[in-house]
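Heads up: the structure comes next, in structure tokens.
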Ligand code: S3P
């Protein structure tokens with residue numbers, strides 16, 4: 001898979017947004033569907049898979065590990081596996097592109113197999129810390145050889161005799177939790193992960209759905225998830241809901257563009273993913289959740305969003321795990337709110353696809369917005385009814401969510417906002433510009 005060419009984009013003043021659009025499938029659930037489907041016995045049918053670059057890399061990785069993961073002519077994906085213990089050593093380096101989730105979860109998956117797997121990715125991925133995953137996997141018996149600070153390229157030398165562990169997460173991370181649980185799949189006995197702060201639980205829900213024995217218990221130390229190793233996983237049907245982290249972009253665009261009225265059907269509403277909705281409601285947003293229902297084990301609903309007057313608030317640190325990917329777009333909403341919005345507990349943003357705290361603070365300041373960056377906090381002051389100036393080009397540093405956030409800002413700013421490269425947007429939200437323009441936005445390639 002070639003890395004895409006650079007794609008500068010610009011977004012300029014839009015009127016109101018209106019209409020109903022379906023955002024692409026959830027990235028977290030899509031990665032996990034392919035991994036578990038390509039491990040389980042029998043066929044897994046995946047409806048609504050996110051066909052973004054990150055997920056396609058996971059599909060390729062699962063094929064390299066001996067599983068099957070193919071798209072049918074009808075757009076439904078089909079995965080088929082060899083059962084737990086059945087993966088084979090990949091013949092080449094696994095190139096995960098921009099995908100931190102794909103890399104960390106797969107490192108766990110292969111750590112308890114008697115073979116070696118090499119991982120690499122793009123410049124963003126090669127700058128991301130993997131020691132947080134390597135450390136518990138080493139306790140289970142694997143060996144990880146990486147560049148300094150645990151960064152890729154790296155090799156996971158799997159163990160033939162894995163040990164089940166009980167591990168207390170030092171950082172709130174669904175990726176680390178999932179890596180350990182996936183390593184626990186091919187480990188005899190009970191593997192336990194204790195998380196002091198709850199994070200998204202798609203791995204737990206899906207492991208159960210595929211037939212694993214998994215228990216969740218509240219302990220004084222936190223939420224303890226225990227998996228009995230070497231289960232027989234059986235293929236199943238998965239319906240991937242729309243990604244709430246992708247819905248966040250048209251949602252905030254509709255809030256800040258006067259007169260807008262947008263519906264986003266079929267959005268995943270897992271309680272560990274809806275911190276942004278909760279926060280925007282506190283800020284005074286008009287967001288209605290319609291037709292709440294459950295689809296293939298995940299809560300889903302339709303969002304109706306109307307332009308709103310927002311008020312600045314303090315977003316508590318405890319809320320960070322439930323909206324960890326949404327701070328870039330929340331800080332854009334904050335720029336259009338009355339008063340100050342303080343976002344606390346953001347240390348993890350420093351190690352995402354880019355240093356999101358620094359990148360947002362710099363970019364917002366460049367757009368004429370009053371902002372201050374703390375070590376793990378961000379404060380944005382809204383402009384008392386004045387539009388932010390815009391009129392600048394943002395370096396997105398291979399970070400899809402930074403790119404989309406500033407394109408949304410440009411729609412409602414005084415002057416257009418450009419981004420130096422929109423290619424990374426395809427990792428999570430292929431068709432973003434088309435979908436936004438369908439609602440009335442003006443996002444276009446930037447002419448040199
Ligand atoms: C993800 C977990 C989050 C999130 C990432 C996807 C997942 O990372 O930022 O985009 O699918 O498990 P952390 O749990 O490491 O914070």
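The values are calculated or read from the model by the stated rules, or taken from the named source; none is laboratory data. The model shown is predicted, which means the values in this text are computed figures rather than measured ones. Here the Cβ is made from the backbone with ideal geometry for all residues, glycine too, and neighbour counts use every protein chain on show.
For residue 134, the criteria (1) buried (at least 20 other Cβ atoms within 10 Å of the Cβ); (2) without any contact (Cβ under 8 Å) to a residue 40 or more places away in the chain; (3) within 28 Å of residue 44 (Cα to Cα) hold in every case but one, which is (3).
Any chance the range 151-158 includes a residue that's within 16 Å of the ligand (Cβ to nearest atom), within 19 Å of the chain's Cα centre (by Cα) and on the phi < 0 side of the Ramachandran plot? Within the range 151-158 (the criterion being within 16 Å of the ligand (Cβ to nearest atom), within 19 Å of the chain's Cα centre (by Cα) and on the phi < 0 side of the Ramachandran plot), the answer is no, since none of the residues qualifies. Going by what's in this entry, would residue 161 be described as more than 13 Å from the ligand (Cβ to nearest atom) and without any contact (Cβ under 8 Å) to a residue 12 or more places away in the chain? Here the answer is no, as residue 161 does not meet what is asked. When every residue of the range 1-12 is checked against the conditions, none turns out to be without any contact (Cβ under 8 Å) to a residue 60 or more places away in the chain, in the same structural domain as residue 176 (by TED's automatic domain parsing) and either away from the ligand (no atom under 16 Å from the Cβ) or assigned to a loop (DSSP other than H, G, I, E, B) (or both).
Residues in the range 219-228 include at least one that is without any contact (Cβ under 8 Å) to a residue 24 or more places away in the chain and either touching a helix residue (DSSP H, G or I) at 6+ places or on another chain (Cβ under 9 Å) or more than 16 Å from the ligand (Cβ to nearest atom) (or both). Of the candidates 174, 142, the single residue that is within 13 Å of the ligand (Cβ to nearest atom) and at pLDDT 95 or above is 174. If you check residue 199 against the conditions, is it in contact with a helix residue (DSSP H, G or I) (Cβ under 7 Å, 6 or more places away or on another chain), at pLDDT 95 or above and within 22 Å of residue 346 (Cα to Cα)? Criteria met by residue 199. Restricting attention to the range 13-35 and to residues that are more than 16 Å from the ligand (Cβ to nearest atom) and modelled with pLDDT of 95 or more, the residue that is farthest from the chain's Cα centre (by Cα) turns out to be 16. Among the residues making up the range 360-382, those that are in a loop (DSSP other than H, G, I, E, B) and either within 16 Å of the ligand (Cβ to nearest atom) or in contact with a helix residue (DSSP H, G or I) (Cβ under 7 Å, 6 or more places away or on another chain) (or both) are 367, 369, 376, 382.
Pick out the one residue from 28, 127 that is crowded, with 24+ Cβ neighbours inside 10 Å and in contact (Cβ under 8 Å) with a residue 12 or more places away in the chain. Reasoning before the result, please.
Values: 127 fails: crowded, with 24+ Cβ neighbours inside 10 Å.
One residue alone meets the criteria, 28.
Residue-level check: of (1) within 22 Å of residue 421 (Cα to Cα); (2) touching a strand residue (DSSP E or B) at 6+ places or on another chain (Cβ under 7 Å), residue 100 misses just (2). In this entry, residue 69 is excluded by the filter for residues that are under 20 Å from residue 164 (Cβ atoms), free of Cβ contacts under 8 Å to residues at least 60 places away in the same chain, surrounded by 15 or more Cβ atoms within 10 Å (Cβ to Cβ) and touching a helix residue (DSSP H, G or I) at 6+ places or on another chain (Cβ under 8 Å).
Could we say that residue 358 is more than 23 Å from the chain's Cα centre (by Cα) and more than 28 Å from residue 435 (Cβ to Cβ) here?
It is false that residue 358 is more than 23 Å from the chain's Cα centre (by Cα) and more than 28 Å from residue 435 (Cβ to Cβ).
Which condition number does residue 437 fail, the rest of (1) part of a helix (DSSP H, G or I); (2) surrounded by 19 or more Cβ atoms within 10 Å (Cβ to Cβ); (3) more than 21 Å from the chain's Cα centre (by Cα) being met? For residue 437, the failing item is (2).
Please state which one of 332, 371 is surrounded by fewer than 22 Cβ atoms within 10 Å (Cβ to Cβ) and touching a strand residue (DSSP E or B) at 6+ places or on another chain (Cβ under 9 Å). Don't jump to the end; show me each part of the working.
Details: 332 fails: surrounded by fewer than 22 Cβ atoms within 10 Å (Cβ to Cβ).
371 is the lone residue from the list that is surrounded by fewer than 22 Cβ atoms within 10 Å (Cβ to Cβ) and touching a strand residue (DSSP E or B) at 6+ places or on another chain (Cβ under 9 Å).
What strands (runs of 3 or more DSSP E) completely inside the range 277-359 contain at least 2 residues that are without any contact (Cβ under 8 Å) to a residue 40 or more places away in the chain, in the same structural domain as residue 100 (by TED's automatic domain parsing) and more than 14 Å from the ligand (Cβ to nearest atom)?
On the way: elements: 286-295, 298-306, 340-344.
In the range 277-359, there are no strands (runs of 3 or more DSSP E) which contain 2 or more residues that are without any contact (Cβ under 8 Å) to a residue 40 or more places away in the chain, in the same structural domain as residue 100 (by TED's automatic domain parsing) and more than 14 Å from the ligand (Cβ to nearest atom).
The residues on offer are 95, 74, and the sole one that is farther than 30 Å from residue 254 by Cα, touching a strand residue (DSSP E or B) at 6+ places or on another chain (Cβ under 6 Å) and either surrounded by fewer than 23 Cβ atoms within 10 Å (Cβ to Cβ) or without any contact (Cβ under 8 Å) to a residue 12 or more places away in the chain (or both) is 95.
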